[in-house]
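The values are calculated or read from the model by the stated rules, or taken from the named source; none is laboratory data. Nothing here was measured: the structure is a model prediction, and the numbers come from that model. Heads up, the Cβs are rebuilt from the backbone with ideal geometry, glycines too, and the neighbour counts pull from every protein chain shown. For accessibility, only protein heavy atoms count, side chains too; no ligands or nucleic acids. Shrake-Rupley method; radii C 1.70, N 1.55, O 1.52, S 1.80 Å.
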Protein chains: 2
Amino acid sequence: MRIAQVAPPFESIPPTRYGGTERVVSLLTEELVRRGHEVTLFASGDSVTAARLVPTVDTALWRQDDVHDALPYWAITLGEAYRRARDGEFDVVHAHLDFQAFACAGLVATPTVTTLHGRLDLPDLPRLFARFPEAGVISISESQRAPLPQARWLGTVYNAVDVDHLAFSPRGGDYLAYLGRISPEKGLDRAIRIARLAGLPLKVGARMPLKDTSNPVICADWEYYEGAIKPLLRDGRVELLGEIGDADKSELLGNALALLFPIDWPEPFGLVMAEALACGTPVVARRRGSVPEVITHGVTGLVGETDEELARLCREVHAIDRGACRLEAETRFTPAVMARGYEKVYAKETGDRGQEPGRLSRPWHSRVLDRAASEDFVRVG
Amino acid sequence: MRIAQVAPPFESIPPTRYGGTERVVSLLTEELVRRGHEVTLFASGDSVTAARLVPTVDTALWRQDDVHDALPYWAITLGEAYRRARDGEFDVVHAHLDFQAFACAGLVATPTVTTLHGRLDLPDLPRLFARFPEAGVISISESQRAPLPQARWLGTVYNAVDVDHLAFSPRGGDYLAYLGRISPEKGLDRAIRIARLAGLPLKVGARMPLKDTSNPVICADWEYYEGAIKPLLRDGRVELLGEIGDADKSELLGNALALLFPIDWPEPFGLVMAEALACGTPVVARRRGSVPEVITHGVTGLVGETDEELARLCREVHAIDRGACRLEAETRFTPAVMARGYEKVYAKETGDRGQEPGRLSRPWHSRVLDRAASEDFVRVG
């Protein structure tokens, strides 16, 4: 199938730093190429891919000092992708631009599918979706859909992580791990309190927030760090490790007793949960957003609500079978499973139901696909 | 001709408060209807027009408390306009959305023309225009084009003001007038110093800047007011009148000796200069952006550079013939002249050169059109 993957221009594909969407787009693109599809990736020119790359900007925008306004680059991205779509270069366009492709999508014959990577409980979105009832969208968890039941949902396809490069650690360790942004919704303050209540050390992989008062979101993260986190750090059992690169991720996650994920927002997916599972590490998480879909309570982690409850679960989490965690990641969160999920969506939208996906080149995929084929994990429609 | 006018959703058409673009779109739309065209206006639902109104939002966004992000409303605006363009409802789409319509414009058979209402010396724009060489754009002054010579310029069409509702004041008065935002680029600090040097009182029509620290632009205006303006106000000959509505505009401008326009930025047009001329009031202005095109030195105002020079010009400006100022506005800045300029652009883009514009219903237009037809004031191509 001739597939366009359209990525935002802010980060390269794959990302050189934090960038969950870009990481997922990269895994999907490479896997679709591997499966025999003809893939065109619209992304920044410093992206690395086996697909045909159409650069939307020379280098990822965050690296460029002279970028003052993001809007021109959204327009450039849409222009490049849809000019080629108009000329019939693709069977399907897969957009990762939130809702930004909706207006263009309606003007070409080629169908567009859009994966919504963010939270959807924002006040402007119902009005937007009411104006684009024909826009086909894909959720990254079932729970993500709740605020927009009226959208034209084509399916849920869970995100993948790079299972091959996340080392399985069969033994784990004795500390709790936190990995993610320092921001109120990710709940580092809760994590510190929970670890203290549980009597366990906490290792924190997180970049310090920038002190940037011109961006309200970044500014709020900085204030959260200064006001809510710093006072809690007097406890000597919290270790701040700074930003964790891909190489160190397996070590931080794999050597942990559990990943602590005490979020305070409707997490649309939560890649770090799947990364922990790939390392064999169970997750102790707060019941919000996608958590009950990604983590099976009692099998791959423990799910609760209050700090006291989560602290108790941290003391019980050693009973979880780490092999089961790894198996779950291999079964549900590999690029192959994700690609197969999207192939079904593409087939549905292009009316191409009979066509088989490209041939697999690596035999280990087969076990995963057998299980995925049972439709338990990739729900379409 | 079947014409779509596509306005931003932030303010109604016409605007209920400051909104130069919306004022111009309103004058153009009403004049095109009057000239016999079939006009569809895409704008907020609280707009008032003789055209067919397609509401993009129920009410102008600035009136709505629950708007958190502007992007969905740009998408809605484009979706509504281009869905109908795709279906062949228009002969031409006239967009007033900066560059936002470029991507959609390339996907439908109907030509789009875009009036660029803002400054163009922004660092992101050359890259944008390089990707859309086919996008036809209209400048509101010749000087506005300077940073983007590579764009596909279709013509310059000067903005219009509501000449009929701006009363000609043949005598004027003895004070200098300032009308505009309190922001560094508009130069109120210079105006105060110039008035003092000239020994003349200054009346200032301007809304106080808001103290909104979450918006960097508004924040900068507030700091400018606190730091640069307040200390200058000890001079008892400066009178702050607050925001001036349409009704009071003729009085403030018409009773002035001159409008003082000591700007410090590349003004793309400067509606207030044309409004002053319509009241018969000459303009003393700094040579920036559109100023030398809008004001003819020695005929409709005096143009200089330094504060000292502008102060001297203020003392000499009584020699300018106020009747000539009014005539200039009637000749160059009426809705009829502007509409005729755009009709030529539309005809050029639709290949419809032979077709006459709609019949005029009001005889006073004829004198204006005779002069405009000489091509001195509406340059196309």
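Quick check: anything in region A:92-105 more than 23 Å from the chain's Cα centre (by Cα), in a loop (DSSP other than H, G, I, E, B), free of Cβ contacts under 8 Å to residues at least 60 places away in the same chain and on the phi > 0 side of the Ramachandran plot? Explain how you work it out, then say what you get.
First, pick out the residues of region A:92-105 that are more than 23 Å from the chain's Cα centre (by Cα): A:103-105.
When the remaining residues are screened for being in a loop (DSSP other than H, G, I, E, B), the result is none.
No: zero hits.
Residues that are modelled with pLDDT of 95 or more, more than 21 Å from B:Val345 (Cβ to Cβ), surrounded by fewer than 22 Cβ atoms within 10 Å (Cβ to Cβ) and among the aliphatic types (A, V, I, L, M) within region B:136-189 comprise just one, B:Ala167. Residues that are within 14 Å of chain B (Cβ to nearest Cβ), open to solvent by 30 Å² or more (accessible area, probe 1.4 Å) and out of contact with any strand residue (DSSP E or B) (no Cβ under 6 Å at 6 or more places or on another chain): does region A:25-36 have at least one? Checking region A:25-36: not a single residue is within 14 Å of chain B (Cβ to nearest Cβ), open to solvent by 30 Å² or more (accessible area, probe 1.4 Å) and out of contact with any strand residue (DSSP E or B) (no Cβ under 6 Å at 6 or more places or on another chain).
Against the criterion of being modelled with pLDDT of 95 or more and either closer than 23 Å to A:Glu22 by Cα or out of contact with any Phe, Trp or Tyr (no Cβ under 6 Å at 6 or more places or on another chain) (or both), A:Phe132 does not qualify.
Is it the case that region A:92-114 has a residue that's more than 8 Å from chain B (Cβ to nearest Cβ), under 21 Å from B:Glu134 (Cα atoms) and not β-branched (Val, Ile, Thr)? So far as region A:92-114 goes, yes, one or more of its residues are more than 8 Å from chain B (Cβ to nearest Cβ), under 21 Å from B:Glu134 (Cα atoms) and not β-branched (Val, Ile, Thr).
If I ask for residues that are touching a residue at least 60 places away in the same chain (Cβ under 8 Å) and over 17 Å from the mean Cα position of the chain (by Cα), which ones from region A:280-315 would you list? Hits for region A:280-315 are A:Gly280, A:Thr281, A:Val284, A:Arg286, A:Asp307, A:Glu308, A:Leu310, A:Ala311, A:Arg312, A:Cys314, A:Arg315. Scanning region A:53-90 for residues that are touching a residue at least 12 places away in the same chain (Cβ under 8 Å) and either among the aliphatic types (A, V, I, L, M) or assigned to a loop (DSSP other than H, G, I, E, B) (or both) yields a total of 16. Considering region A:115-149, the residues that are among the charged types (D, E, K, R) and more than 15 Å from the chain's Cα centre (by Cα) include one that is farthest from the other protein chains (Cβ to nearest Cβ), namely A:Arg145. Only residues that are open to solvent by less than 10 Å² (accessible area, probe 1.4 Å) and within 12 Å of B:Leu107 (Cα to Cα) were counted in region A:64-102, giving 4.
A:Thr296 - would you say it is surrounded by fewer than 22 Cβ atoms within 10 Å (Cβ to Cβ) and farther than 23 Å from A:Arg193 by Cα?
yes
Can you find a residue in region B:242-259 that is modelled with pLDDT of 85 or more and within 14 Å of chain A (Cβ to nearest Cβ)? Working first, answer last.
At the first step, the residues of region B:242-259 found to be modelled with pLDDT of 85 or more are B:242-244, B:248-259.
With the extra rule that they be within 14 Å of chain A (Cβ to nearest Cβ), the set shrinks to none.
So far as region B:242-259 goes, no, none of its residues is modelled with pLDDT of 85 or more and within 14 Å of chain A (Cβ to nearest Cβ).
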